[in-house]
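J.: This is the structure I want to talk about, given as structure tokens.
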Amino acid sequence: MEAMTVHVRTEKIPHPDASALDLATIMRVVGDPLRLDIVRLLADGEERTCSDLSGQLGLPASTGSYHMRLLREAGVTRSRADGTLRLISLRRVDLDARFPGLVDVLTR
């Protein structure tokens, strides 16, 4: 009997390096009330799917996905592939190292 070869597709989701995080960019992105709400939802440290976040905020999936992408590209969040799911978390450690106190101010 022949061995079956299984190809696992791993997807690399691009994120900016912590050293490249830019305060002006971050503030512009989180200046949108909806994106600030997303940051506040993620402040508990739990990973959530885009659909979970969109559902909690009452957003269509495409709108939620757009806002999640902007947060990821600015370096505010991290997205991790888990099968077909994308798990999103706040980059608290990176943000605190680069801009001490910023996350606390944003999540009050």
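The values are calculated or read from the model by the stated rules, or taken from the named source; none is laboratory data. Bear in mind that the values here come from a model prediction, so they are computed numbers and not experimental data. Heads up, the Cβs are rebuilt from the backbone with ideal geometry, glycines too, and the neighbour counts pull from every protein chain shown.
J.: Is the range 87-94 home to any residue that is touching a helix residue (DSSP H, G or I) at 6+ places or on another chain (Cβ under 8 Å), touching a residue at least 60 places away in the same chain (Cβ under 8 Å), surrounded by 18 or more Cβ atoms within 10 Å (Cβ to Cβ) and not in a helix (DSSP H, G or I)?
T.: yes
J.: Also, quick follow-up: State yes or no: is G64 on the phi > 0 side of the Ramachandran plot and small (G, A, S)? Show your work before the answer.
T.: On the way: on the phi > 0 side of the Ramachandran plot: no; small (G, A, S): yes.
So G64 fails the test.
J.: Hey, another quick one. Taking the range 4-32 as the search range and keeping residues that are β-branched (V, I, T) and more than 16 Å from the chain's Cα centre (by Cα), which one is modelled with the highest pLDDT?
T.: My answer is T5.
J.: Next up: Those residues that are in contact with a helix residue (DSSP H, G or I) (Cβ under 7 Å, 6 or more places away or on another chain) and either assigned to a strand (DSSP E or B) or surrounded by 20 or more Cβ atoms within 10 Å (Cβ to Cβ) (or both), I need them from the range 52-73; list them, please.
T.: Selection gives L53, S54, G64, H67, M68, L71.
J.: Please list, ordered by first then second residue, the pairs with beta carbon atoms under 8 Å, 6 or more apart or interchain, first in the range 31-60 and more than 22 Å from V105 (Cα to Cα) and in contact (Cβ under 8 Å) with a residue 12 or more places away in the chain, second assigned to a helix (DSSP H, G or I) and among the polar types (S, T, N, Q).
T.: Every condition considered, the pairs that remain are C50/S65.
J.: Restricting to the range 12-43, what's the tally of residues that are farther than 18 Å from R86 by Cα and surrounded by fewer than 19 Cβ atoms within 10 Å (Cβ to Cβ)?
T.: Residues that pass the stated criteria total 17.
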